[in-house]
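The values are calculated or read from the model by the stated rules, or taken from the named source; none is laboratory data. Every value quoted in this text rests on a predicted model; they were computed, and no experiment measured them. As a convention, Cβ positions derive from the backbone with ideal geometry for all residues, glycine included, and neighbour counts pool all protein chains shown.
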Amino acid sequence: MTTQATLPGRDRSRQAFLSRSTLVTSLVLIVGMLLVLILNALPASNALHVSGATVALLGKYFTYMLLALAVDLIWGYLGILSLGHGAFFALGGYAMGLYLNAQTSVLPGWQAMMTYFPVAALMVLLAPGLLALVFGWLAFRSRVTGVYFSIITQALTFALMLAFNRNEMGLGGSTGLTRFYELLGFSLSSEGMTVALFLASGIAVLLAFWLCRAITVSRLGRVSVATRDAEARVRFIGYRVDHVKLALFVVSAMIAGVAGALYVPQVGIINPSTFAPLFSIEVVVWVALGGRATLYGALLGALVVNYLKTVLTGAMPDAWLFILGALFVLVTMVLPQGIAGVIAKWRGRRHAAVQPGQREASA
Amino acid sequence: MSGVESARFGRLRELARPDRVFDFMAPAQSPVDVRHGPILYLEDVSVSFDGFQAINGLNLTIDDGELRCIIGPNGAGKTTMMDIITGKTRPDTGQVWFGSRHNLLALDEPQIANLGIGRKFQKPTVFEALDVTENLELAMAGERRVWKTLLARLDHEGLARIDEVLETIGLSEERYRLAGVLSHGQKQWLEIGMLLMQRPRLLLVDEPVAGMTEPEMHRTAELLTRLAGQQSVVVVEHDMGFVRSIARQVTVLHQGSVLAEGTMDEVSNDSRVIEVYLGGDEESA
């Protein structure tokens with residue numbers, strides 16, 4: 001029991017949209033983006049110049065941060081551990097991939113409609129959203145919770161990986177979709193496009209962060225935290241727990257879909273390996289490392305782990321998975337609340353109490 | 001003018017009356033119909049789990065505004081009975097009615113809760129990551145749909161209601177403390193407060209004084225007796241001293257059915273009750 005928790009005043013950070021963590025996170029994101037833009041605009045001879053390759057890399061990190069945010073919304077605040085969020089990410093990616101393919105070649109059958117950007121953009125939201133709606137409706141209605149839910153999300157993403165590997169799907173089989181040249185009439189290989197995609201991804205992170213923040217500070221956010229900690233109690237005071245879970249699950253899947261859609265033009269390929277269970281588990285590790293139920297922790301975790309991955313897979317490619325595993329074990333044991341927990345401790349705030357219990361962390 | 005016509009005009013005049021209150025304009029009343037009898041009615045309810053007969057031909061009637069204590073040794077089926085009433089467990093046979101209109105066996109937990117049956121668990125279950133006010137806010141009777149919940153704001157009426165309940169449960173000083181740091185007794189009261197926010201017609205309270213100190217117990221007894229009358233209250237309790245201090249009517253459960261019913265004195269002098277319950281009490285002591 002900490003002394004901070006007994007202070008009489010209300011902890012505003014949980015109920016106000018414009019809390020310090022919102023402001024600081026937004027500011028860091030905006031300043032970071034502007035800084036990269038400025039440094040990128042410097043002449044290449046300048047020591048501080050940021051190359052186009054780095055900008056592209058940072059843009060990719062942004063899409064990972066978006067995906068981590070989606071996972072934190074349901075894992076941190078609702079206690080639903082999805083080990084298959086890569087599936088929603090990949091679906092958004094495939095929708096974007098089809099659109100990009102359709103710019104330079106004529107696609108067969110229903111895929112022809114993906115030529116139009118508004119249709120494609122809609123599909124980026126609808127494909128993951130609908131899958132989450134049907135899957136979540138079945139799961140939450142039958143009260144599948146905890147580790148059982150995690151296992152079936154793994155099965156879901158694995159099944160989709162097998163399906164997308166088949167050539168009959170018309171989605172490139174195991175090669176996936178590639179050979180992207182144009183987006184909205186602009187060449188994908190131009191420097192300007194790299195910067196534009198970086199910016200779009202950064203803005204998407206900012207908007208999604210605000211959306212998640214708005215949800216978690218609302219009464220619905222409090223109902224979801226209550227559901228995470230005492231589901232039966234929530235049901236007995238009259239809330240439809242399955243509806244709450246379904247709504248947030250669908251929102252989360254859509255955010256993941258947008259992340260995938262922004263990811264694909266930046267890396268130039270989408271293939272069934274994105275559906276691989278390992279990728280989805282890695283996303284969970286980002287969030288756990290960053291710290292659950294803080295939102296900014298998820299952003300931080302995704303950035304830190306992926307930066308480490310970039311550096312370390314270059315330096316010692318074989319060791320990366322061991323390092324990742326060791327990091328996860330270490331963080332779970334030493335910093336159960338992740339990097340965000342350390343920050344909160346420094347700030348002397350009482351975030352600890354908002355965190356899910358240890359019991360859940362070990363599940 | 002013929003009789004039929006005058007009747008028609010009469011109906012018209014009735015419609016045009018300035019003081020007429022249309023049904024749809026009237027404030028929402030509790031939908032529970034208790035005009036023709038009890039608020040809760042269980043008939044011949046049986047349920048078994050893997051061959052174990054937890055409830056066996058149980059009959060129970062609770063009147064509107066009554067405070068009823070239910071006692072019985074471990075495994076008598078008290079908690080299972082509450083599970084059945086609140087929709088958590090479905091009985092194999094029997095009927096459960098809330099008022100004379102609502103068949104509880106056709107409804108699920110949130111529907112039953114929204115009809116006005118509140119339940120307090122044996123182990124205090126509050127939302128530990130939220131503060132006291134937020135706990136009460138979530139329990140407040142009102143809109144439960146996802147979209148409305150997202151947009152909901154606490155208005156003055158709601159705040160006043162929360163203040164009132166905080167006063168009743170004696171937690172005004174603790175309103176901004178996290179529920180997780182409250183003492184055991186305070187958590188129990190907070191949970192009762194959450195039930196009050198729901199404005200239930202029927203309160204089911206499972207072992208409210210388990211683990212409480214003597215003064216806390218007195219305060220809980222006072223709280224529960226004050227509630228009866230406005231609400232019907234069913235208390236399941238082990239502590240005989242506590243039951244004696246609040247009960248008017250006591251029902252003794254044994255092996256899933258009613259063994260005896262009456263005032264505390266009648267019940268405690270019943271030879272069968274002494275045999276199964278008080279005898280068992282000595283054993284465990």
- Query: Where in the stretch B:172-276 are there strands (runs of 3 or more DSSP E), lying wholly inside it, with at least 2 residues that are within 14 Å of chain A (Cβ to nearest Cβ) and within 22 Å of the chain's Cα centre (by Cα)?
  - Reply: B:202-206
- Message: Among the residues of the stretch B:150-161, are any in contact with a His (Cβ under 9 Å, 6 or more places away or on another chain), over 24 Å from B:VAL250 (Cβ atoms) and facing another protein chain (nearest Cβ under 9 Å)?
- Response: no
- For the stretch A:289-318, what are the residues that are touching a residue at least 60 places away in the same chain (Cβ under 8 Å), buried (at least 17 other Cβ atoms within 10 Å of the Cβ) and part of a helix (DSSP H, G or I)? A:GLY290, A:TYR296, A:GLY297, A:ALA298, A:LEU299, A:GLY301, A:ALA302, A:LEU303, A:ASN306
- Of (1) assigned to a helix (DSSP H, G or I); (2) in contact with a helix residue (DSSP H, G or I) (Cβ under 9 Å, 6 or more places away or on another chain); (3) not basic (Lys, Arg), A:TRP110 satisfies all except one. Which? (2)
- Item | Residue tally, condition part of a helix (DSSP H, G or I) and free of Cβ contacts under 8 Å to residues at least 12 places away in the same chain, over the stretch A:163-188 | 4
- Message: Residue pairs, Cβ under 6 Å, 6 or more apart or interchain, first in the stretch A:218-244 and more than 7 Å from chain B (Cβ to nearest Cβ), second of a type in the set (D, E, K, R) and part of a helix (DSSP H, G or I). List them.
- Response: A:VAL241/A:GLU231; A:VAL241/A:ARG235; A:ASP242/A:ARG141
- Do the conditions hold for B:MET140, that is, is it touching a residue at least 60 places away in the same chain (Cβ under 8 Å), under 19 Å from B:GLN231 (Cβ atoms) and either within 14 Å of chain A (Cβ to nearest Cβ) or of a type in the set (Phe, Trp, Tyr) (or both)? no
- Task: Mind listing whichever residues of the stretch B:59-74 are in contact with a Ser or Thr (Cβ under 8 Å, 6 or more places away or on another chain) and surrounded by 19 or more Cβ atoms within 10 Å (Cβ to Cβ)?
- Result: B:LEU60, B:ILE62, B:GLU66, B:LEU67, B:ARG68, B:CYS69, B:ILE70, B:ILE71
- Item | Residue under evaluation B:THR86, criteria (1) among the hydroxyl-bearing types (Ser, Thr, Tyr); (2) surrounded by fewer than 21 Cβ atoms within 10 Å (Cβ to Cβ); (3) in contact with a strand residue (DSSP E or B) (Cβ under 6 Å, 6 or more places away or on another chain), criterion not met | (2)
- Would it be correct to say that B:MET194 is over 23 Å from B:VAL32 (Cα atoms), out of contact with any His (no Cβ under 9 Å at 6 or more places or on another chain), modelled with pLDDT of 85 or more and not polar (S, T, N, Q)? no
- Item | Qualifying positions in the stretch B:117-134 - more than 8 Å from every other protein chain (Cβ to nearest Cβ) and either in a loop (DSSP other than H, G, I, E, B) or within 21 Å of B:GLU174 (Cβ to Cβ) (or both) | B:LYS120, B:GLN122, B:LYS123, B:PRO124, B:VAL132
- Name the one entry in A:GLY84, A:GLY76, A:GLY109 that is over 21 Å from A:GLY268 (Cβ atoms) and modelled with pLDDT under 90. A:GLY109
